[in-house]
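Report on one structure; see the data block that follows.
The values are calculated or read from the model by the stated rules, or taken from the named source; none is laboratory data. Here the structure is a predicted model, which means the values were calculated and not measured. With ideal geometry, Cβ positions are generated from the backbone for all residues, glycine too; neighbour counts draw on all protein chains shown.
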Amino acid sequence: MIFDKYQWLNSCTGVELHLFPDGSYACRTCSVSLAGNLLNIDSKSEYSGDLASLLKKLPKDKPVALSLTGKGVLIRKTARIEEIGRDKLNEVFPNLQSDQFYVQNFISGDLSFVSIIRRDVSDQILVAFAGEGLNVLLLTAGPFAASAVLRQLNTYGDELCFDGHCVQYTKEWDWTEYRFEPGKKSEFPLKVGIEALPGQFLIAYASAFQLALYPRLPVVSLPAPEVEHHLDEFEQKQRFNFRAVAVLSGFFVLLLLNFVLFSYFNSANEALLSQLSQTSASLENLQHTEKEIASNEKLLQKLGWNKGIRLSYLADQLGQTLPSSLKLKEIGINPMNVTETGRQRKEIYDTGKIKIRGEASDPAALNNWIYILKGKDWAKQVNLDSFSPSGDDNTQEFTITINY
């Protein structure tokens with residue numbers, strides 16, 4: 001169905017060529033174009049005269065569907081014939097030399113309308129068309145192309161007459177009779193949908209309609225080898241062109257998709273690289289800061305950092321709470337750790353500690369002072385390291401360690 005809709009032609013010309021007994025011709029043309037599901041009539045024209053002069057007036061940029069009528073076209077009605085061979089043809093046309101004629105079998109309901117035309121007459125016309133650069137893709141004898149458009153017309157009753165052709169048909173649009181009466185025409189103007197179509201252009205329009213919808217419509221045609229060859233070539237060319245366009249379109253879509261994906265992932269990659277660079281820089285800054293902090297901490301330890309508490313404040317706190325019965329001999333804030341200093345051969349301080357050595361004449365007062373110190377918010381831990389008699393009989397020597 002994709003080929004039917006998109007690979008076939010966009011426009012074509014239907015031509016009815018009527019042969020007169022005196023050798024002259026009447027030519028009616030109808031050009032149509034397809035736009036989606038709509039078939040539009042683009043132009044109609046009518047000429048008469050000799051064949052050579054007529055063909056020069058036809059448009060050469062569109063393929064042609066040709067219907068031959070008039071002198072040389074013989075039509076007989078018979079019972080339905082599925083396949084018309086030599087024997088069946090001789091029953092319809094006795095003593096006919098079948099190899100000299102093209103035969104067309106139009107089946108309609110229970111009937112067949114068999115049309116014949118001499119090969120030399122038809123071939124001569126086809127050669128003339130080809131000589132003028134006209135590409136005939138479909139050839140029909142008689143008015144039977146009109147069967148494809150009968151439903152589109154504003155018909156009334158069971159008979160339709162147009163340009164001398166009279167057709168009787170059933171409710172199912174099957175033809176029951178055909179006759180030709182020169183000058184006979186419909187009593188009312190013919191229309192295709194809402195567009196007026198004079199009767200003399202009906203066969204040309206129907207011929208174009210058959211070709212335009214060829215892949216989707218059973219057609220009535222003469223089996224002329226040259227025309228069938230041109231039709232097959234045209235169809236293969238259209239298929240090739242469509243497939244080439246489809247392949248190129250597919251490649252274009254793939255390239256476009258590839259470009260979009262490449263742009264997206266390239267942008268994402270650049271964003272990730274930028275983020276990675278920022279993260280690496282942040283990590284390097286963090287490591288550098290950690291090293292600086294560690295170095296500063298070591299420096300503060302060397303300097304005896306008192307954890308942000310002023311030494312004067314600590315000394316004042318100790319002095320305010322010291323009982324009068326106690327006598328201090330030594331106060332060391334962040335004192336030197338003699339053991340570690342000797343072991344590491346560098347000055348090591350006990351940061352965050354206070355060493356107090358003194359004498360107490362009243363043990364209860366010492367215990368009370370330790371209790372008071374433990375209640376201070378800056379004191380984390382208060383330990384009585386030693387308590388022993390001093391040289392005097394009434395005093396005791398003590399050592400206290402405070403962690404702050």
Worksheet item: Under the condition of being at pLDDT below 80 and of a type in the set (Lys, Arg), which residue from the range 278-309 is nearest to Lys355 (Cα to Cα)?
Response: Lys307
Worksheet item: What residue, among those in the range 75-91 that are in a loop (DSSP other than H, G, I, E, B) and β-branched (Val, Ile, Thr), is farthest from Leu134 (Cα to Cα)?
Response: Ile81
Worksheet, complete the sentence: Taking the range 41-74 and keeping residues polar (S, T, N, Q) and assigned to a helix (DSSP H, G or I) leaves Ser53
Practice prompt. Kindly state which strands (runs of 3 or more DSSP E) lie completely within the range 319-404 and contain at least 1 residues that are surrounded by fewer than 11 Cβ atoms within 10 Å (Cβ to Cβ) and of a type in the set (Asp, Glu).
Written response: 326-333
Practice prompt. Considering (1) closer than 19 Å to Ala148 by Cα; (2) touching a residue at least 12 places away in the same chain (Cβ under 8 Å); (3) not aromatic (Phe, Trp, Tyr), say which one Asn37 fails and leave the rest.
Written response: (2)
Worksheet item: Among the residues of the range 19-29, is any among the aromatic types (Phe, Trp, Tyr) and surrounded by 15 or more Cβ atoms within 10 Å (Cβ to Cβ)?
Response: yes
Discussion item. Restricting to the range 123-161, give me the number of residues that are without any contact (Cβ under 8 Å) to a residue 12 or more places away in the chain and buried (at least 20 other Cβ atoms within 10 Å of the Cβ).
Written reply: 0
Worksheet entry | Members of the range 77-98 found to be surrounded by fewer than 12 Cβ atoms within 10 Å (Cβ to Cβ), under 56 Å from the mean Cα position of the chain (by Cα) and not small (Gly, Ala, Ser), listed by number | Arg80, Glu82, Glu83
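What do you reckon, is Tyr178 assigned to a strand (DSSP E or B) and at pLDDT 95 or above?
Yes: the conditions hold for Tyr178.
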Worksheet entry | Cβ pairs under 9 Å, 6+ apart, first in the range 53-82 and in contact (Cβ under 8 Å) with a residue 12 or more places away in the chain and under 30 Å from Ile107 (Cα atoms), second of a type in the set (Lys, Arg) and assigned to a strand (DSSP E or B) | Gly72/Arg118
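To keep it simple, each residue is scored yes or no on (1) within 17 Å of Phe201 (Cα to Cα); (2) among the basic types (Lys, Arg); (3) out of contact with any strand residue (DSSP E or B) (no Cβ under 7 Å at 6 or more places or on another chain).
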| position | (1), (2), (3) |
| --- | --- |
| Lys56 | no, yes, yes |
| Lys77 | no, yes, no |
| Asp87 | no, no, yes |
| Pro94 | no, no, yes |
| Gln100 | no, no, no |
| Ser108 | no, no, no |
| Ala130 | no, no, yes |
| Val136 | no, no, no |
| Ala141 | yes, no, no |
Discussion item. Given the options Ser312, Ser325, Ser361, name the one that is out of contact with any helix residue (DSSP H, G or I) (no Cβ under 6 Å at 6 or more places or on another chain), hydroxyl-bearing (Ser, Thr, Tyr), at pLDDT 85 or above and under 27 Å from Ile400 (Cα atoms).
Written reply: Ser361
Fill in: Residue count, the range 322-347 (criterion: free of Cβ contacts under 8 Å to residues at least 40 places away in the same chain, more than 12 Å from Thr399 (Cα to Cα) and either touching a Ser or Thr at 6+ places or on another chain (Cβ under 7 Å) or of a type in the set (A, V, I, L, M) (or both))
4
Response to the item:
Of those in the range 98-121 that are modelled with pLDDT of 90 or more and polar (S, T, N, Q), the residue farthest from Cys166 (Cα to Cα) is Gln100
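One line per residue, one yes/no per condition, for (1) over 43 Å from the mean Cα position of the chain (by Cα); (2) free of Cβ contacts under 8 Å to residues at least 60 places away in the same chain:
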residue	(1), (2)
Cys166	yes, yes
Leu190	yes, yes
Gly193	no, yes
Phe209	no, no
Val220	no, no
Val227	no, no
Phe252	no, yes
Ala271	no, yes
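Matching residues to (1) surrounded by fewer than 17 Cβ atoms within 10 Å (Cβ to Cβ); (2) within 30 Å of Cys27 (Cα to Cα):
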residue: Trp175; (1), (2): no, yes
residue: Gly183; (1), (2): yes, yes
residue: Gly199; (1), (2): no, yes
residue: Ala212; (1), (2): no, yes
residue: Val220; (1), (2): no, yes
residue: Ala224; (1), (2): no, yes
residue: Phe251; (1), (2): yes, no
residue: Tyr264; (1), (2): yes, no
residue: Asn285; (1), (2): yes, no
Response to the item:
The condition of being in the same structural domain as Arg28 (by the TED database), on the phi < 0 side of the Ramachandran plot, part of a loop (DSSP other than H, G, I, E, B) and of a type outside the set (Gly, Ala, Ser) holds, among Leu126, Leu134, Leu138, only for Leu134
Worksheet item: Yes or no: Ser207 among the polar types (S, T, N, Q) and touching a helix residue (DSSP H, G or I) at 6+ places or on another chain (Cβ under 6 Å)?
Response: yes
Item to complete: Mind counting the residues in the range 184-226 that are touching an Asp or Glu at 6+ places or on another chain (Cβ under 6 Å) and either in a loop (DSSP other than H, G, I, E, B) or over 18 Å from Val136 (Cα atoms) (or both)?
Response: 3
